[in-house]
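Single-structure report; data block below.
The values are calculated or read from the model by the stated rules, or taken from the named source; none is laboratory data. As the structure is a prediction and not an experimental result, all values here were calculated from the model. Cβ: placed from backbone, ideal geometry, glycine included. Neighbour counts: every protein chain shown. Calculation scope for accessible area: heavy atoms of the full protein, side chains included, ligands and nucleic acids excluded. Shrake-Rupley method; radii C 1.70, N 1.55, O 1.52, S 1.80 Å.
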Amino acid sequence: MATSPIQLAVHSRLLSYGSTESTKLVPSSSGNRGKIVCSLRKLELEDMNFSGIGRNNDQEAPRRAHRRKALSASRISLVPSAKRVPTYLFRTDIGGQVKVLVERTNGKYKVLVEVLPLELSYAHSELVMVWGLFRSDASCFMPLDLNRRGADGKSSTVETPFVQGPSGKVTVELDFEASLAPFYISFYMKSQLVSDMENSEIRSHRNTNFVVPVGLSSGHPAPLGISFQPDGSVNFALFSRSARSVVLCLYDDISVEKPSLEIDLDPYINRSGDIWHAALDCSLPFKTYGYRCKATTSGKGELVLLDPYAKVIRRVIPRQGGSEIRPKYLGELCLEPGYDWSGDVPPSLPMEKLIIYRLNVTQFTKDKSSKLPDDLAGTFSGISEKWHHFKDLGVNAMLLEPIFPFDEQKGPYFPWHFFSPGNMYGPSGDPLSAIKSMKDMVKKLHANGIEVFLEVVFTHTAEDAPLMNVDNFSYCIKGGQYLNIQNALNCNYPIVQQMILDCLRHWVIEFHIDGFVFVNASSLLRGFNGEILSRPPLVEAIAFDPILSKVKMIADNWNPLTNDSKENLFPHWRRWAEINMRFCDDIRDFLRGEGLLSNLATRLCGSGDIFAGGRGPAFSFNYIARNSGLTLVDLVSFSSNEVASELSWNCGQEGATTNNIVLERRLKQVRNFLFILFISLGVPVLNMGDECGQSSGGPPAYDARKSLGWNTLKTGFGTQIAQFISFLSNLRMRRSDLLQKRTFLKEENIQWHGSDQSPPKWDGPSSKFLAMTLKADAEVSQTLVSDIVGDLFVAFNGAGDSEIVILPPPPTDMVWHRLVDTALPFPGFFDEKGTPVEDELVAYEMKSHSCLLFEAQRLAEIDSSKRKKQIRLSSKRQ
């Protein structure tokens, strides 16, 4: 469609309450799009009697002055119609009424103008309608291609007589090709029997032309975004309280610099409260849309902004030398594609059963070593192809880093938009392919018993995100400067809260997402001025929302703006889980030899200091390494001042080394971290690359992360760590009675041991050894499918010296089996069935920086081959 070089201004006349505001339309072609067909029913004209209402000369002067203004809008009222036909009712300046109906039938718009029955003056017995069409200034009508008497070539107006039918209705009926819309029809009436021009003309009660839109209606304020109506129209709705004008921009070609059509929405017709709305015919050849929002406090009124509620968005490729006001994204004028979810059954796993793997969609399969085709590598489809990797590790939930469109300079934690996945994650880079491939991924993972969680960021946006320019006052926190950011979202403001709830529901309903991790969750507690709220409305609304109640909600206090985490008392309503940063810190401290035993014990038992108030250990999401900061391997390789906040230990030498002693110690520490993660009550969260020794070289910058190297899974390190993770996952599920509890352990089910059979020195800074016996509950044990229901003995040695561990007596008719000793070489450091201990021996030498796990099993389970492999324990003490 060609673009007209002429920008036209349009005055809307539908409903004004005294406003002189004007609208703008930029037509996509010069002249009209289609031929106008005007039809007139040739019925016998009958005399019309007027009521004798005259014009007073004293009243005419102000009317003439008012006429000189740009045609101010007249009051109308919308008359309901059974067929939902747009109907407009006007008052005339002589006391009568005019009703206008606009209806689309058979590819045409029919406009029916009716003068309602009144006692009219005999002087107005013959009426003529003088009309014209415009998309611009109402004083400059579009040229009409009409070869009929009555057309005025100079003003492009047409005079059409009213006719009176058998029912007594006085009407004019006009037909227009649908391809001509949208446009406005402007008209007034005059009597052919009155020679005085001023007295012969009949206009609105405000002495203006009657103006009616064709192919454009006021629309509805709900739902926000675009919605397709049964009558064949598309409704646009946008919230903006601060905008003094909103322009709907329509494109039929996204490669052009300017919109093909612009409609300046009339605040008296297209605004309800703080929501701007309009409706257009779906058949119009437009593909994408955006808005211009002009506010008194914003200097970016020329920017074309993405609709915050757009479900399908298209990236606009910048053209070299193009305008700075060119949009980055536009909303697609199409329905979100349907999807066949038949057969999809969400796993709906209990929280305590979860084992989570966090990943970045692009980096998971982007590397050539994934051996995926280029169109699948780094996409949702790539994850679908690699689903077996999650099963091999034993994980049953996948946590995706933010998948929203984002600021490419800062990364996915600075989102542009919230209602659609980034186009880059689709096989072809197309928005529809991204949506479909994501749904395919979710369906396939669900079929294999794997839940899908999303990390979401609702506390801030990218610095130049469209949302900030739609309504900066409503969407942003006034105290953003106090928070050291200018783009902090005002999450607890009603309209922002509604947007976040709508967004979460959209992902649950349309994409079948199983849970959300809210990054920078502490900022969800802030009010309009940046103050902390004791009962934040958004957090409470999410907790009790009927749709969101079926999915898991996890608060993560990590702040991507400062790359740190801050503790706070998060209001949970017994629904919110939390990413447990204290677990990470205390376990790192213990394994580098600086933590207290009391802190270690608290984390092993589910962090009762955080989750005791009506929740339980299942609400603690534990992690050792995450996608920001040091990786698991780097935690045991770097400890310079640059990474002091990471609480890491290099095991004796900084960075890469060939020292075998250091390398062995690092390997033990990696095993220790994973062991403690899985043996602790709570939900373990693995990070992509932990299973194969992924390293970022030390600096904890997010952009230093590398794509997952699939070949590293085949190395000696990758093989043993991946197998160890699989073993630990199976162990948690097999011994769910002790390791996957929704409630805290009872006091009688746990017994603590210190060095030399003495009680643990909980607060002794030099104490680095702790052991515990987890006693199986007899009642629970009888309900387990597995026949292995004995106690567990677990020991942790964070010291640099060996420790003689005194094993407690096993339960009756049972013997201890060693399942894990992280100090032993691979493959012997873990064993699924376990290696039995000789009955008469009770002491075990535990190497430095290592962990142990023994399980009590029945004597009948020890066969002759196992007895030959019984452990020779030392009864000596050091």
For the stretch 428-471, how many residues are free of Cβ contacts under 8 Å to residues at least 60 places away in the same chain and in a helix (DSSP H, G or I)? 4
So, in the stretch 552-570, how many residues would count as being more than 21 Å from PRO412 (Cβ to Cβ) and crowded, with 17+ Cβ neighbours inside 10 Å? 1
Selection from the stretch 513-532 of residues surrounded by 20 or more Cβ atoms within 10 Å (Cβ to Cβ) and either assigned to a loop (DSSP other than H, G, I, E, B) or touching a Lys or Arg at 6+ places or on another chain (Cβ under 8 Å) (or both) yields ILE513, ASP514, GLY515, PHE516, ASN520, SER522
When the residues of the stretch 816-835 are narrowed to those that are of a type outside the set (D, E, K, R), surrounded by 21 or more Cβ atoms within 10 Å (Cβ to Cβ) and free of Cβ contacts under 8 Å to residues at least 60 places away in the same chain, which ends up farthest from ILE725 (Cα to Cα)? TRP816
Exactly one condition in (1) over 34 Å from the mean Cα position of the chain (by Cα); (2) open to solvent by 10 Å² or more (accessible area, probe 1.4 Å); (3) closer than 27 Å to ALA771 by Cβ is not met by ASN672; state its number. (2)
Run down SER195, SER179, SER186 and say which single residue is modelled with pLDDT under 90, under 50 Å from the mean Cα position of the chain (by Cα) and not in a strand (DSSP E or B). SER179
Somewhere in the stretch 480-487, is a residue part of a helix (DSSP H, G or I), over 30 Å from LEU349 (Cα atoms) and free of Cβ contacts under 8 Å to residues at least 40 places away in the same chain? no
Lone unmet requirement of (1) surrounded by fewer than 21 Cβ atoms within 10 Å (Cβ to Cβ); (2) part of a strand (DSSP E or B) for SER255: (2)
Name the residue, out of LYS391, LYS366, LYS371, that is surrounded by fewer than 20 Cβ atoms within 10 Å (Cβ to Cβ) and under 16 Å from VAL452 (Cα atoms). LYS391
Before we move on, is PRO466 under 19 Å from the mean Cα position of the chain (by Cα) and surrounded by fewer than 19 Cβ atoms within 10 Å (Cβ to Cβ)? no
Which one is nearest to LEU224 (Cα to Cα), of the residues in the stretch 394-420 that are in contact (Cβ under 8 Å) with a residue 40 or more places away in the chain and among the acidic types (Asp, Glu)? ASP407
Subset of the stretch 746-760 (residues that are open to solvent by 40 Å² or more (accessible area, probe 1.4 Å) and either in contact with a Ser or Thr (Cβ under 6 Å, 6 or more places away or on another chain) or aliphatic (A, V, I, L, M) (or both)): GLN751
Determine which single condition LEU681 fails, assuming it passes every other condition in (1) closer than 27 Å to GLY411 by Cβ; (2) open to solvent by less than 10 Å² (accessible area, probe 1.4 Å). (1)
Flag for PRO836 being modelled with pLDDT of 90 or more, farther than 26 Å from GLY394 by Cβ and touching a Phe, Trp or Tyr at 6+ places or on another chain (Cβ under 8 Å): no
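This table checks each residue for (1) in a loop (DSSP other than H, G, I, E, B); (2) touching a Phe, Trp or Tyr at 6+ places or on another chain (Cβ under 6 Å); (3) not assigned by the TED database to the domain that holds ARG818.
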position: LEU686; (1), (2), (3): no, yes, yes
position: SER696; (1), (2), (3): yes, no, yes
position: LYS706; (1), (2), (3): yes, no, yes
position: ASN711; (1), (2), (3): no, no, yes
Could you say whether any residue in the stretch 447-461 is touching a strand residue (DSSP E or B) at 6+ places or on another chain (Cβ under 9 Å) and open to solvent by 10 Å² or more (accessible area, probe 1.4 Å)? no
Selection count, the stretch 248-264, where residues are under 22 Å from HIS417 (Cβ atoms) and in contact with a Phe, Trp or Tyr (Cβ under 8 Å, 6 or more places away or on another chain): 5
The stretch 397-427 - residue that is in a loop (DSSP other than H, G, I, E, B) and among the acidic types (Asp, Glu) and, of those, nearest to ILE450 (Cα to Cα): GLU401
Mind checking which residues of the stretch 198-222 are over 29 Å from LEU248 (Cα atoms) and not in a loop (DSSP other than H, G, I, E, B)? GLU198, ASN199, SER200, GLU201, ILE202
Residue in the stretch 538-549 that is part of a loop (DSSP other than H, G, I, E, B), out of contact with any strand residue (DSSP E or B) (no Cβ under 6 Å at 6 or more places or on another chain), under 22 Å from MET398 (Cβ atoms) and open to solvent by 30 Å² or more (accessible area, probe 1.4 Å) present: yes
In the stretch 632-647, which residue that is assigned to a helix (DSSP H, G or I) and open to solvent by less than 50 Å² (accessible area, probe 1.4 Å) is nearest to GLY698 (Cα to Cα)? ASP634
Which residues, taken from the stretch 331-359, are over 26 Å from GLY232 (Cβ atoms) and open to solvent by less than 30 Å² (accessible area, probe 1.4 Å)? ASP344, MET351, GLU352, LEU354, ILE355, ILE356, TYR357, ARG358, LEU359
Touching a residue at least 40 places away in the same chain (Cβ under 8 Å) and open to solvent by less than 10 Å² (accessible area, probe 1.4 Å), is that true of TYR291? yes
